[in-house]
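Trainee: Have a look at this one.
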Amino acid sequence: MPSADLFDVSPDASVPEALVARLRAAGCVFAEDEAALLVGASIDPAVVEELVARRVAGEPLEALLGWAEFAGLRLEVEPGAFVPRHRTEALAAEAARRARLASEGHGRPAVVVDLCCGVGAIGAVVAESASPVVLLAADLDPAAVRAARRNLEPRGGRVFEGDLYDALPQEYAGRVDVLAVNAPYVPSGEIAFMPPEARDHEARIALDGGADGLDVHRRVAASAVRWLAPGGSLVIETSERQAETAAALLHDGGLDAVVVQGDDVTLVVGSRPSA
C-alpha cells in the first residue's frame, strides 16, 4: 500500500466518483488521492483506464506512475523494481549525517556506497543533503539499476550492476566512509504474507532474505571491513527481532556494532575501528 506521503495533489472534482469507487472496492485506502494521480498521469482517457485497471488488478501505484516520493524527492521507478519504503528514510538520513561528518573530518568529500540500492533512494538523499560526496551504488536487479542510473547519475553518482561488492570498483576497497545497505530481510517463509503490491510485482531478490531473513546481511557483514576505511561505518536496515543477530554478524566481521531503534525502523550500525 502506498504511503500517504506519496500524494502531492488534491482530489479534483473532475475525477469520476465511479473511478474512486472502483479503487476503493479494490482495497485502495487512499482511493480519492490515487484516482487523482492516475487521472493526472495522462490526457488520454484510454491510458487512464488502462492504468486504473492495472491498479485494480494489484499493480503498485508507483510503478504505474513511474515515480515514488521518498524523503521529499520524486524518484523514478520501473515496473518490477523495489519501491523505496518511507521507513528507509531513517537509514538515508543517518547515512547522510555520517557522510557529512566524514567529509568534515577528512577535509575532502566522503566516499559513500549505496549497496542493494534499488532505485537509488538512499544515494539520492545523500547526494542532496551531504554533497559533495563520492557516490557509488550497486544492485543485482537490472530494472532497479536502470532507474537508479536515472536518479543518481544527474546527482553525480555512479551505478553498477552486480552482486554486492563484486559490482564495485576495486580501487575503493578500504576507502569507503559510509556503506548504506537496505538488503532484503524478509524470511522466505513470510513472503507469502506480504502485500500483493510487493509480493507479486517486485523482484523476489529484493524481498527474500533466506530462511531467517539474514542471508544477504551475512554476506554484507563478512566483507564490509575490507571495504570500509578506518573509522568508516556500515548502516543496515533490519527488523527489531533480527537486530541482535545482525549486530552479532557485524561484530564477527570485525566491526563495532550497535542497534539503533527508531519509531518504525531498526538500524544496525557497524564501525571499523580507526586503528
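The values are calculated or read from the model by the stated rules, or taken from the named source; none is laboratory data. Because the structure is a prediction, the values reported are computed rather than measured. Don't worry about glycine lacking a Cβ; one is built from the backbone with ideal geometry, like all the others, and counts go over all protein chains shown. Ligands, DNA and RNA are stripped out before the accessible areas are found, and what is left, the full protein with its side chains, is counted by its heavy atoms. Shrake-Rupley method; radii C 1.70, N 1.55, O 1.52, S 1.80 Å.
Residues checked against (1) out of contact with any strand residue (DSSP E or B) (no Cβ under 9 Å at 6 or more places or on another chain); (2) more than 26 Å from E161 (Cβ to Cβ):
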{"site": "E49", "(1), (2)": "yes, yes"}
{"site": "L75", "(1), (2)": "no, no"}
{"site": "G80", "(1), (2)": "no, no"}
{"site": "V83", "(1), (2)": "no, no"}
{"site": "A90", "(1), (2)": "no, yes"}
{"site": "R100", "(1), (2)": "no, yes"}
{"site": "V111", "(1), (2)": "no, no"}
{"site": "V133", "(1), (2)": "no, no"}
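Trainee: Quick check, is R155 among the basic types (K, R), more than 21 Å from A90 (Cβ to Cβ) and surrounded by fewer than 24 Cβ atoms within 10 Å (Cβ to Cβ)?
Mentor: no
Trainee: Continuing with the same structure: Can you work out which of the residues in the range 20-47 that are touching a residue at least 12 places away in the same chain (Cβ under 8 Å) and β-branched (V, I, T) is most open to solvent (accessible area, probe 1.4 Å)?
Mentor: V29
Trainee: What's the number of the only condition in (1) part of a loop (DSSP other than H, G, I, E, B); (2) modelled with pLDDT of 85 or more; (3) not polar (S, T, N, Q) that L38 fails to meet?
Mentor: The one condition L38 does not meet is (1).
Trainee: Now, a different point. Going by the conditions given, is V9 touching a Gly at 6+ places or on another chain (Cβ under 8 Å), open to solvent by 50 Å² or more (accessible area, probe 1.4 Å) and either at pLDDT 90 or above or outside any helix (DSSP H, G or I) (or both)?
Mentor: Against the criterion (touching a Gly at 6+ places or on another chain (Cβ under 8 Å), open to solvent by 50 Å² or more (accessible area, probe 1.4 Å) and either at pLDDT 90 or above or outside any helix (DSSP H, G or I) (or both)), V9 qualifies.
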